[in-house]
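Scroll down for the structure; my scribbles are underneath it.
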2 protein chains.
Amino acid sequence: MSAADLSRFSINQMTVKQLSLPELADACAELGVTNVGLWREPVQAYGLDATAKLVRDAGLTVTTLCRGGFLTAIEPAERATALEDNRRAVDEAATLGTDTLVLVSGGLPAGSKDLHGARERIAYALGELGPYAESRGVKLAIEPLHPMYASDRCVVSTLTQALDLAERFPAHQVGVTVDTYHIWWDDRAPEQIARAGAGGRIHTFQLADWTTPLPEGVLNGRGQIGDGAIDMREWKGYVEAAGYAGAIEVELFNDGLWARDGREVLTETARRFVENVM
Amino acid sequence: MSAADLSRFSINQMTVKQLSLPELADACAELGVTNVGLWREPVQAYGLDATAKLVRDAGLTVTTLCRGGFLTAIEPAERATALEDNRRAVDEAATLGTDTLVLVSGGLPAGSKDLHGARERIAYALGELGPYAESRGVKLAIEPLHPMYASDRCVVSTLTQALDLAERFPAHQVGVTVDTYHIWWDDRAPEQIARAGAGGRIHTFQLADWTTPLPEGVLNGRGQIGDGAIDMREWKGYVEAAGYAGAIEVELFNDGLWARDGREVLTETARRFVENVM
């Protein structure tokens, strides 16, 4: 694998969560990987400033911070807490030097059956968070999650819904995350990628493959690139035709990958990226 | 529960698959349930003609037969076998006295990543099967399945896609199945129900509730009515506003329900129907 092959590759930290941040930085240096997507929890555990220094010293670009969101609560106190937590996430993104905070919107509050109302509360929260994010040089990237997460994780299930929300705000405040795992089944997604690109709202592009059978709870069965049903070059073609030329993050939640040696998984993931995406 | 409360209720056989067909007929008589949805495999096991006589003698209306479909194969021999099997399913529906055969379209063939091509092969098969079904007095009801089944079970994931297919054919040949479990997350589904109703294409309406966590394989976790995230009266309102006045089938695949006494589950399901739907 040449540096040119990997210049757009970004390894999302979750894919190799068995690696500590220093181990991840070392493994990236060895392979020639220059981009990483980070998660708040391991960053906080290692220390925000220490992580910022680590990635800076290693010459790594932080392509996204995952994740803010969870903005569907009804109770005022819970809503205030969620907004404050998201402002902190914006601050963390700025400190880490990334301009993109990925948002997972949140599921239905306990006992609620009102998807529409939950989506409207997200819109209200975006109106609060967008200007704050802009003031810190950070863009919010609403991530539609697969409809199988609609009740308990994310009431925004399609790119169409994500853009319907994002377009109420300026593009430099609110855009979308395009992740193949969540949208590959949707025949309307290609036209929505074009819509997002025309509006300058593709804030990140992430990959995971679709493999079955899904595991219990359906969280940790995202397939290694090339193992599943998704034609990665086809989706890369859609985002590129829509003007996206940024990093391409591979973000896999997969118990099988997590049980293996992290450096080996990183090497395999980089190779699969070159074989199936570039 | 009065007979009026249950007049539109249909118990899909799969909900209480632990009951034999005679046990199901007895339990329905005791409760005042007059409608059943049947499945091909248990009907074949009991005998097609014997089942037809059993339901006729019991005064039961067969609201649907589940299921035909699986029409996405590429190889000519496999395609011919699938078409022949679907013609037999049409014959079985006619013998049982139902005018509706539910179709589950089929997933991606092994190794294929081409959802569009698979959907086109379904259209071709519908062109073959529609006139045959009409000649037997049977309507085909394409069932969009939740997008989590797109790769391995059904490449038709939304009502929009199902109607895009159905509308290539006359409504008395091909329509759709509206099942809350598969479409509840989709904010475009209400307008698509209106579209289906305007075209006379709502061939059956089925209910299951959405509960989490999903079990491994995501097949047998359909929630009892009232246990989950779906507002059943809202969806009943959509199909009624679209002109549907037929039976409402409750079809649950649920390991927990199957482990219990079948009569008890039937009684509970009828009660939940009255409480949450009527």
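The values are calculated or read from the model by the stated rules, or taken from the named source; none is laboratory data. All figures in this text were calculated on a predicted structure; none of them were measured in a lab. As a convention, Cβ positions derive from the backbone with ideal geometry for all residues, glycine included, and neighbour counts pool all protein chains shown. Ligands, DNA and RNA are stripped out before the accessible areas are found, and what is left, the full protein with its side chains, is counted by its heavy atoms. Shrake-Rupley method; radii C 1.70, N 1.55, O 1.52, S 1.80 Å.
Annotations
- Residues in the stretch B:199-209 that are without any contact (Cβ under 8 Å) to a residue 60 or more places away in the chain and more than 18 Å from A:PRO109 (Cα to Cα) were compared, and the one that is nearest to the other protein chains (Cβ to nearest Cβ) is B:ALA208.
- Output for the stretch A:184-201, where each listed residue is within 19 Å of A:LEU145 (Cβ to Cβ) and open to solvent by less than 50 Å² (accessible area, probe 1.4 Å): A:TRP184, A:TRP185, A:ASP186, A:ALA189, A:PRO190, A:GLN192, A:ILE193, A:ALA196, A:ARG201
- Residues in the stretch A:68-97 that are assigned to a loop (DSSP other than H, G, I, E, B) and free of Cβ contacts under 8 Å to residues at least 40 places away in the same chain: A:PHE70, A:GLU75.
- The listed residues are B:THR63, B:THR51, and the only one of them that is part of a helix (DSSP H, G or I), open to solvent by less than 40 Å² (accessible area, probe 1.4 Å) and β-branched (Val, Ile, Thr) turns out to be B:THR51.
- Test: residue in the stretch A:122-129 that is at pLDDT 95 or above and within 14 Å of chain B (Cβ to nearest Cβ): yes
- Of all residues in the stretch A:137-165 being charged (D, E, K, R) and more than 16 Å from A:PRO190 (Cα to Cα), the one that is nearest to the other protein chains (Cβ to nearest Cβ): A:ASP152
- Counted residues, the stretch A:101-116 - those being without any contact (Cβ under 8 Å) to a residue 12 or more places away in the chain and in a helix (DSSP H, G or I): 1
- Among the residues of the stretch A:134-158, just one is under 16 Å from A:SER112 (Cβ atoms) and either under 12 Å from the mean Cα position of the chain (by Cα) or in a strand (DSSP E or B) (or both), namely A:CYS154.
- Contacts under 6 angstrom Cβ, first residue in the stretch B:234-245 being within 14 Å of another protein chain (Cβ to nearest Cβ), partner open to solvent by 30 Å² or more (accessible area, probe 1.4 Å), 6 or more apart: B:TYR238/B:PRO190
- Test: residue in the stretch A:134-144 that is of a type outside the set (D, E, K, R), farther than 22 Å from A:VAL239 by Cβ and open to solvent by 10 Å² or more (accessible area, probe 1.4 Å): yes
- Residue check: A:ARG260 meets all listed conditions (1) in a helix (DSSP H, G or I); (2) open to solvent by 20 Å² or more (accessible area, probe 1.4 Å); (3) away from chain B (no Cβ under 14 Å); (4) not hydrophobic (A, V, I, L, M, F, W, C) but one, namely (1).
- When the stretch A:166-183 is limited to residues that are open to solvent by 10 Å² or more (accessible area, probe 1.4 Å) and of a type outside the set (Gly, Ala, Ser), the one that is farthest from the other protein chains (Cβ to nearest Cβ) turns out to be A:HIS172.
- Hits in the stretch A:30-48 - residues which are crowded, with 22+ Cβ neighbours inside 10 Å and closer than 12 Å to A:THR95 by Cβ: A:LEU38, A:VAL43
- Within the stretch A:179-192, the set of residues being aliphatic (A, V, I, L, M) and either outside any helix (DSSP H, G or I) or more than 21 Å from A:CYS66 (Cα to Cα) (or both) comprises A:ALA189 only.
- The number of residues in the stretch B:228-258 being among the acidic types (Asp, Glu) and in contact with a helix residue (DSSP H, G or I) (Cβ under 8 Å, 6 or more places away or on another chain) comes to 1.
- A:LEU31 being modelled with pLDDT of 95 or more and more than 27 Å from A:ALA150 (Cβ to Cβ): yes
- Among residues of the stretch B:210-225, those that are touching a strand residue (DSSP E or B) at 6+ places or on another chain (Cβ under 7 Å) and either facing another protein chain (nearest Cβ under 9 Å) or open to solvent by 30 Å² or more (accessible area, probe 1.4 Å) (or both), counted: 5
- Odd one out for B:GLY106, checked against (1) within 14 Å of chain A (Cβ to nearest Cβ); (2) modelled with pLDDT of 95 or more; (3) open to solvent by 10 Å² or more (accessible area, probe 1.4 Å): (3)
- Complete set of residues in the stretch A:238-257 that are surrounded by 18 or more Cβ atoms within 10 Å (Cβ to Cβ) and either aliphatic (A, V, I, L, M) or closer than 11 Å to A:ALA27 by Cβ (or both): A:VAL239, A:ALA242, A:ALA247, A:ILE248, A:VAL250, A:LEU252, A:LEU257
- Meets criteria (closer than 28 Å to A:VAL239 by Cα and among the small types (Gly, Ala, Ser)) for A:GLY111: no
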